[in-house]
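Coordinate-derived values only; no laboratory data. Predicted model only: the values in this text are computed from it and were never measured. Ideal geometry is used to build each Cβ from the backbone, glycine not excepted, and the neighbour counts take in all protein chains shown.
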Amino acid sequence: MEYQVEIEKIDHFGRGIGKINNKVIFVPHTLKNDIVLVKIVKDKKKFLEGEVLKYIKKSPRTALCPYSNDCGGCSFIDISYDEQLQIKKEKVKDLFKKELGIPIKIEEVISDSNTNYRNKIRLHGKDKKLGFYKEKTNDLVTIDKCIISKDEINSIIKRLNSVIDNNIDEVAIRSNKEVMLDIKGSISKDIVLNNFKDIDTIYLNDFLIKGEGYITEDILGKTFMISNKSFFQVNTKVCSKIFYNIVNYLKEKKYHNALDLYCGVGLIGILISDFVDSVTGIEVVSDAIKNANQNKKLNKVNNVNFICDKVENRIHEFRDVDLIIVDPPRSGLDKKSITSMIEILPKAIIYISCNPNTLVRDLKDLLEHYKMERFFIADMFPNTYHVECVGLLCLKETSKSLEK
């Protein structure tokens with residue numbers, strides 16, 4: 001059955017919200033004041049989910065990307081950038097109010113360009129075509145360029161499409177100070193090398209066929225190696241602004257021993273090493289720890305140590321720590337790690353979160369002992385619903401008596 005729906009507002013995930021017989025329906029790819037013909041694809045107890053069959057009245061769009069309706073990767077791309085930032089700000093405020101019962105003062109909304117910001121993308125290959133998988137499917141959306149990726153990446157996409165007669169299954173493209181290609185599929189080494197002579201580092205089916213095996217990026221005056229397996233922030237400009245804020249905060253304080261949890265390639269630990277006596281980083285990904293130790297050597301840092309293990313396996317070993325920095329995955333912190341953090345009871349915790357839902361969940365325990373001294377958000381992924389949060393927590397006076 002088909003229904004006509006007027007979209008009243010946009011939710012935190014970029015979906016339009018309307019009503020059918022007084023029941024809320026969420027409709028992707030719609031904007032406020034759209035009037036659409038929809039079919040119901042999910043009928044839940046408290047809400048519906050719909051799919052657009054036809055636009056009867058369409059609000060103005062930004063029209064940045066020709067693939068946006070099919071790809072689904074940029075759920076906010078039709079919304080003006082100022083409005084995107086406002087939606088993300090309100091999303092975080094609403095979560096703090098709803099889940100913690102407190103208002104949160106957002107001191108700053110860090111942002112930069114909403115196009116050509118990604119320094120890494122991953123494309124899939126199918127039937128000698130390259131593109132992204134359509135949202136929640138394995139259907140391929142073939143592309144010539146990606147509006148949110150750096151110009152260097154888009155140039156390589158065009159060149160890859162010119163040699164797509166060969167069967168490429170997957171390709172990751174990184175563009176930092178140098179460029180890296182990581183290709184998987186039935187394509188010959190000679191064809192790759194002949195067509196990409198200017199690329200600094202190339203992997204083919206997990207074998208290094210050109211370059212040193214890594215590329216580099218400069219953040220706040222320090223240089224970092226990035227391998228094909230390591231995680232590195234995809235938005236270099238916004239990432240730099242986030243860490244600039246954190247470093248400036250630490251300049252005002254004097255902490256001695258820091259824990260850098262989920263440390264990745266050692267980015268945060270190395271950046272703060274000038275402002276503390278010692279840093280210990282913990283990360284489960286061995287390739288990241290390998291890069292972290294290389295980065296430590298590259299930057300001539302002597303007061304940072306890295307451990308390859310799960311955070312929850314090692315955090316209990318530390319007691320003489322007055323600063324903990326956490327940058328966990330979207331799943332947030334596990335209960336064991338939170339318990340250990342409270343037992344350690346450092347003077348300050350800096351929580352960097354890519355998922356405000358798990359952030360507020362974890363803060364329910366941490367705010368029993370800590371107060372939020374500063375809080376800001378950052379738009380690391382413009383045109384998507386994702387938002388980065390950074391909270392600077394200081395130990396409450398009433399909790400200091402628990403310190404050993």
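Explain nothing, just the number: relative contact order of the chain, from Cα pairs under 8 Å at least 6 residues apart, as a whole percent.
It comes to 12 percent, rounded to a whole number.
About the Cα centre of the chain, how large is the charge dipole given +1 on each Lys and Arg Cβ and -1 on each Asp and Glu Cβ? Please answer in debye to the nearest 20.
The dipole magnitude comes to about 680 debye.
Going by how many other beta carbons lie within 10 Å of each one, how would you line up Asp200, Asp274, fewest first? Walk me through the numbers on the way to the answer.
Values: Asp200 19, Asp274 13.
So the residues, fewest neighbours to most, are Asp274, Asp200.
Of all the C-alpha pairs in the chain, what % are more than 38 Å from each other?
On the way: 23294 of 81406 pairs.
Of the Cα pairs, 29 percent sit more than 38 Å apart.
Eigenvalues of the Cα gyration tensor times 5, then square-rooted: what semi-axes does that give for segment 298-393, in whole angstrom, largest first?
They are 23, 18, 14 Å, listed largest first.
In debye, nearest 20, what is the charge dipole magnitude of segment 311-352 about its Cα centre with +1 on Lys and Arg Cβ and -1 on Asp and Glu Cβ, if you could check?
That gives a dipole near 120 debye.
Using a Gaussian network model of the chain with C-alpha springs under 10 Å, which one of Arg118, Arg361, Arg61 is most mobile by mean-square fluctuation?
Maximum among the listed residues: Arg61.
Mind checking which of Asn138, Leu393, Val5 is farthest towards the positive end of the chain's charge dipole, using Cβ charges of +1 (Lys, Arg) and -1 (Asp, Glu) about the Cα centre?
Selected residue: Val5.
Only four residue types carry charge here, +1 at the Cβ of Lys and Arg and -1 at the Cβ of Asp and Glu. Report the dipole size of segment 134-188 about the Cα centre in Debye, rounded to the nearest 20.
Numbers: 9 positive and 10 negative charges, 30 e Å.
That gives segment 134-188 a dipole magnitude of about 140 debye.
May I have the extent of the alpha carbons of segment 76-141 along their three principal axes, as whole Å values ordered from largest to smallest?
Principal extents (Cα only, largest first): 53, 26, 21 Å.
If you line up the Cα atoms of segment 156-276 on their principal axes, what length do they span on each, largest first, in Å?
58, 23, 20
Choose one answer from Thr358, Thr137, Thr236: the residue with the largest mean-square fluctuation in a GNM of the chain with alpha-carbon springs under 10 Å.
Per the Cα network of the chain with a 10 Å cutoff, Thr137 tops the list.
Okay, helix-only estimate at 222 nm for the chain: each DSSP H run of n ≥ 4 adds -39500 (n - 2.57), divide by all residues, round to 500 deg cm²/dmol; what do you get? Please list the in-between numbers first.
Values: 10 runs with 99 residues, N = 404.
So the calculated ellipticity at 222 nm is -7000 deg cm²/dmol.
Test of understanding: given the chain, find the longest segment containing no GluC sites (Glu not before Pro) that are in a DSSP loop and have at most 13 other Cβ atoms within 10 Å.
213-367
Can you give the % of DSSP beta bridges in the chain that are antiparallel, to the nearest 5? Working shown, then result.
On the way: 62 of 90 bridges.
Close to 70 percent.
Could you check how many percent of all C-alpha pairs in segment 102-229 are farther apart than 24 Å?
Values: 2739 of 8128 pairs.
Tail fraction, whole percent: 34.
Please arrange Lys88, Lys371, Lys145, Lys45 by counting, for each residue, the other beta carbons lying within 10 Å of its beta carbon, fewest first. If you can, show how the numbers build up before the last one.
Working: Lys88 27, Lys371 13, Lys145 17, Lys45 5.
Least to most surrounded, the residues fall as Lys45, Lys371, Lys145, Lys88.
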